[in-house]
Number of protein chains: 2
Amino acid sequence: MNIGSAARATELPRKTIRYYEEIGLVHPARAHNGYRDYSDTDVHRLKFVQRARSLGFSIEECRLLLSLYDDEHRASADVKALALEKIGEIDRKLDELQSLRATLSRLVETCQGNDRPDCPIIDDLARA
Amino acid sequence: MNIGSAARATELPRKTIRYYEEIGLVHPARAHNGYRDYSDTDVHRLKFVQRARSLGFSIEECRLLLSLYDDEHRASADVKALALEKIGEIDRKLDELQSLRATLSRLVETCQGNDRPDCPIIDDLARA
DNA sequence: TCTTGACCTTCCCGTGGCGGGAAGGGTTAA
DNA sequence: TTAACCCTTCCCGCCACGGGAAGGTCAAGA
C-alpha cells in the first residue's frame with residue numbers, strides 16, 4: 001500500500017504520514033522503486049496515532065503511548081497516569097480560557113458598541 | 001530608557017520587546033550609541049500589547065487594537081466586535097476541550113490502573 | 001511507441017511568538 | 001586596566017506540520 005492509499009485509509013495527510021516516519025513513529029518498508037510501502041500494521045499504528053492526537057496527546061506522548069501499546073508487559077496504571085495528566089492539562093487550559101472569557105465578557109458588557117470613540121475595552125487595555 | 005528598563009517596566013522579556021519592534025508594533029528611538037531608547041509612550045504601547053496578549057489576542061489583533069487605540073475617530077463598535085469574535089473563539093476552544101475531557105474521563109474511569117496490561121484506553125486508541 | 005496524467009521521491013521554506021546563544025561593542029565602578 | 005554588566009545583530013530552534021519546486025515512476029490511451 002503506497003502513501004496515497006495509506007492516507008485515504010487513515011484520513012491523515014500524506015505530509016503528516018511522512019513526518020511521522022521522519023520522527024520515527026512508523027517505519028514503512030520501501031518498494032523496489034523507492035515508494036513507501038505500508039503494511040496493515042503500519043496503517044494500524046498510524047490510526048492509533050491519529051486517534052491519540054485527536055484526544056489532545058502531543059507527538060511525544062503518542063510515542064510513549066505507542067511504546068506502551070507495543071509492550072505486552074505494560075502496566076495499565078502507566079497509561080492511566082498519562083491520561084490523567086492530560087486531563088489535568090486540559091483542566092488548566094479550561095480554567096485559563098474561562099477566566100479570559102469572564103474578563104472579556106465584563107469588558108464587552110460595558111462597551112456601548114456604537115460609532116463613538118469612547119470604549120471601556122480600549123481604556124482597560126491602555127490603563128493596565 | 002534602554003531596553004532593560006523598558007523590560008522591567010512592562011514585565012516583558014527583552015526578546016519580546018525587540019520582536020515587537022521587528023514586526024512594527026513599536027518604534028523606539030535610537031540613542032547615539034545605537035541602543036534603543038524607549039519613551040513613556042513606547043512603554044505605554046508595550047504595556048497595551050502585553051495586556052491585549054494576556055487577554056488572548058493574537059499579534060495581528062494587537063496591531064489592529066493599537067490602530068484603533070491611535071484612532072481618535074474610532075467607533076467603539078469596531079472594538080466590541082473584535083472582543084466578541086475573540087469570545088466566540090474562546091467558546092469554540094472551550095467546547096473542544098470539554099469534549100476531549102469528557103472522552104478522556106470516560107476512558108480513565110474504565111481503566112483499572114494496576115500492573116496488568118489490559119487497558120481500555122489503549123484498546124480505544126487501537127480500535128478507532 | 002509515445003505521451004499524458006497521476007502518482008511518488010527528496011529538499012527547502014514558512015507558520016506564531018518568541019527563546020537561546022554566539023560574536024562583538026558600550027558603559028561604569030573599583 | 002579590568003571586570004561586570006549592559007547593549008547590538010544574527011542565526012538557529014521550537015511544534016506539527018503545509019506548500020511547492022524539481023525530478024523519478026507507472027498505467028492507460030492515441
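Rule-based calculations on the coordinates, nothing more; no lab input. Bear in mind that the values here come from a model prediction, so they are computed numbers and not experimental data. Don't worry about glycine lacking a Cβ; one is built from the backbone with ideal geometry, like all the others, and counts go over all protein chains shown.
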Taking Cα pairs under 8 Å and at least six residues apart, what relative contact order does segment B:46-128 come out at, in percent?
-> 15 percent
Relative to the longest principal Cα axis of chain A, at what angle does helix A:40-54 sit, 0 to 90 degrees, rounded to 10?
-> 10 degrees
Inter-probe distance in nm under a simple model that places probes 7 Å from Cα toward Cβ, at B:Asp123 and A:Gln98 | 3.2 nm
Under the helix-only model (-39500 (n - 2.57) for each DSSP H run of 4 or more, divided by the residues of chain A), the mean residue ellipticity at 222 nm, to 500 deg cm²/dmol, is -22000 deg cm²/dmol
Treat each spin label as a single point 7 Å out from the Cα along the C-beta direction, and report the A:Ser54 to A:His27 distance in nm.
-> 2.8 nm
Put a dot 7 Å past each Cα toward the Cβ at A:His73 and B:His73; how far apart are the dots in nm?
-> 7.7 nm
Counting other beta carbons within 10 Å of each Cβ, put B:His32, B:His44 in order, fewest first.
-> B:His32, B:His44
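Can you give the average number of partner chain beta-carbon atoms within 10 Å of each beta-carbon in peptide A:82-89, as a whole number? Intermediate results must be reported in sequence, preceding the final value.
On the way: counts 3, 9, 5, 0, 4, 6, 0, 2.
Across A:82-89, the average partner-chain Cβ count within 10 Å equals 4.
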Once amide hydrogens are built 1.01 Å from N within the peptide plane, the residues lying 5 or more places from B:Asp37 or on another chain with amide H under 5 Å from its amide H are B:Ala29, B:Arg30, B:Ala31
Report, to the nearest 10°, how far helix B:59-70 tilts away from the longest principal axis of the Cα atoms in chain B, using its own Cα long axis and a range of 0 to 90°.
-> 40 degrees
For the cross-link pairs A:Lys47/B:Lys86; A:Lys47/B:Lys93; A:Lys47/A:Lys86; A:Lys93/B:Lys47, which exceed 26 Å when the distance is taken from alpha carbon to alpha carbon?
-> A:Lys47/B:Lys86
Here the gain from full extension of B:Tyr19 to B:Asp91, 0.36 nm per residue of separation minus their alpha-carbon distance, amounts to 23.0 nm
